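Below is one structure, written out as C-alpha cells, with a few remarks after it.
The values are calculated or read from the model by the stated rules, or taken from the named source; none is laboratory data. Keep in mind it's a predicted model, so treat the numbers as computed, not measured. Counting neighbours? That spans all protein chains shown, and the Cβs are built from the backbone with ideal geometry, glycine included.
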Amino acid sequence: MALAGAAFFATAASAEPTEADLSLGAEVRSFCKIDAPAGDVGEDGAIGLVAETCNMPGVYRVSASFTNLAAGTVRAGTERAAIGDDGVAIFTASGPRRLQRFWALEAARQVDRSQPVRVHLSVMPL
C-alpha cells in the first residue's frame, strides 16, 4: 500500500500544468433609496440629515412633499428647490451617487401655526 501511494505522487508531480479560462459575470439591480428623519419638520425649519443613494446611470428625481406649507424653498446641502403650489419640491440628479447632506426649509410660510409641518421624501428614476 505504501508503494501505491508513492507511485501516485510520482505520477502527479510529473504531470504537465493545465490551463483554464474562467469568466465571471454579475448583474447589479438598479436601486435608489432615501434615508431621512421621520415626519415633522423642526420649528427652525430643519428637516435633518438625509442620505440619498442611487446606483442608476440615468437621471432620477428626489421629491419632498410637504403638508401645512403655503410657500418656501427647500435647501439640500448647497442645492435649492422651490416648493410648488402642490406642496412639492423636486431635485433632479444624474449618474450614480451617494450623498449625505443637511436639509432645511428657507422662507417657508406655514398655513396653520398650531399644526406641524410634515415632509415625505421619495426617489424615483425618470
Requested in this report: Collect the residues in region 76-93 that are surrounded by 18 or more Cβ atoms within 10 Å (Cβ to Cβ) and either of a type in the set (Ser, Thr, Tyr) or over 23 Å from residue 56 (Cα atoms) (or both), keeping them in residue-number order.
Outcome: 83, 87
Report task. Tell me, please, whether a residue that is touching a Phe, Trp or Tyr at 6+ places or on another chain (Cβ under 9 Å), crowded, with 18+ Cβ neighbours inside 10 Å and more than 19 Å from residue 33 (Cβ to Cβ) can be found in region 54-64. Result -> no
Query - In region 75-126, residue farthest from residue 31 (Cα to Cα) [restricted to those that are hydroxyl-bearing (Ser, Thr, Tyr) and either in a strand (DSSP E or B) or touching a His at 6+ places or on another chain (Cβ under 6 Å) (or both)] - result: 92
Requested in this report: Output the residues belonging to region 94-108 that are under 20 Å from residue 73 (Cβ atoms) and either surrounded by 15 or more Cβ atoms within 10 Å (Cβ to Cβ) or at pLDDT below 90 (or both).
Outcome: 103, 104, 105, 108
**Report entry** Tabulated pairs, region 36-49, first without any contact (Cβ under 8 Å) to a residue 60 or more places away in the chain and on the phi > 0 side of the Ramachandran plot, second aromatic (Phe, Trp, Tyr) and not in a loop (DSSP other than H, G, I, E, B), C-beta under 8 angstrom, 6+ apart or interchain
**Finding:** 48/102; 48/103
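This table checks each residue for (1) part of a loop (DSSP other than H, G, I, E, B); (2) of a type in the set (Asp, Glu); (3) more than 20 Å from residue 99 (Cα to Cα).
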site	(1), (2), (3)
52	no, yes, no
56	yes, no, no
64	no, no, no
73	no, no, no
Report task. Among the numbered conditions (1) touching a strand residue (DSSP E or B) at 6+ places or on another chain (Cβ under 8 Å); (2) of a type outside the set (Asp, Glu); (3) not in a strand (DSSP E or B), tell me where residue 24 comes up short. Result -> (1)
Requested in this report: Return the pairs, sorted by first residue and then second, in which the second residue is of a type in the set (Asp, Glu) and crowded, with 18+ Cβ neighbours inside 10 Å, the first residue lies in region 58-84 and is farther than 19 Å from residue 40 by Cβ, the beta carbons are less than 7 Å apart, and the residues are 6+ apart or on different chains.
Outcome: 62/52
Report task. Looking for whichever is under 30 Å from residue 114 (Cα atoms), at pLDDT below 95 and among the aliphatic types (A, V, I, L, M) here; the options are 20, 26, 71. Which one fits? Result -> 71
Requested in this report: With respect to residue 76, determine if the residue is closer than 19 Å to residue 123 by Cβ, of a type outside the set (Lys, Arg) and modelled with pLDDT of 90 or more.
Outcome: yes
